[in-house]
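Single-structure report; data block below.
Throughout, read-outs are computed from the coordinates displayed, never taken from laboratory work. This one's a predicted model, so the numbers in the text were calculated from it and none came from an experiment. For neighbour counting, all protein chains shown are included, and Cβ atoms are generated from backbone atoms with ideal geometry for every residue, glycine included.
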Amino acid sequence: MDITIDHDRCIGAGQCALVAPGVFDQRDEDGLAVLLVDRPAGEQRAAAREAAESCPLSAISVREDRQPAA
């Protein structure tokens, strides 16, 4: 899973940090989202997806890892 935050779109609403506090936080100086975990695992993956969906300006993008062809 790859997660990116578009800081040009982020308004610091804080939904991501509320939904997935182990994955996201907010900067003290401006409230913009910061990523705490580069590649979340386990329950954090589901929380990261939910956080991206809850972002009011869609500033968070989540790309799933591709599985190698068998």
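Given R₀ = 25 Å, what would the calculated FRET efficiency be for VAL34 paired with SER58, taking r from the Cβ atoms and rounding to 0.05?
Once the sixth-power term is evaluated, E becomes 0.90.
Roughly what angle does helix 43-54 make with the longest principal axis of the chain, taking Cα atoms, 0 to 90 degrees, to the nearest 10?
It is inclined by approximately 50 degrees.
Given the -39500 (n - 2.57) contribution per DSSP H run of 4+ residues, what per-residue ellipticity at 222 nm results for the chain, rounded to the nearest 500 deg cm²/dmol?
-6500 deg cm²/dmol, from helical runs alone.
Taking Rh as the Kirkwood radius computed over C-alpha pairs, what is the Stokes-Einstein D of the chain at 4 °C in a medium of viscosity 1.567 mPa s, expressed in µm² per second?
Value of D from the Cα-based Kirkwood radius: 107 µm²/s.
Rank ARG49, ARG39, ARG27 by mean-square fluctuation in a GNM of the chain with C-alpha springs under 10 angstrom and give only the top-ranked residue.
ARG27
Among GLY12, GLY31, GLY22, determine the one that fluctuates most according to a GNM of the chain built with springs between C-alpha atoms less than 10 Å apart.
GLY31
On full extension of the chain, what length is gained from GLU50 through ALA13, given 0.36 nm per residue of separation minus the C-alpha to C-alpha distance?
Here the answer is 11.8 nm.
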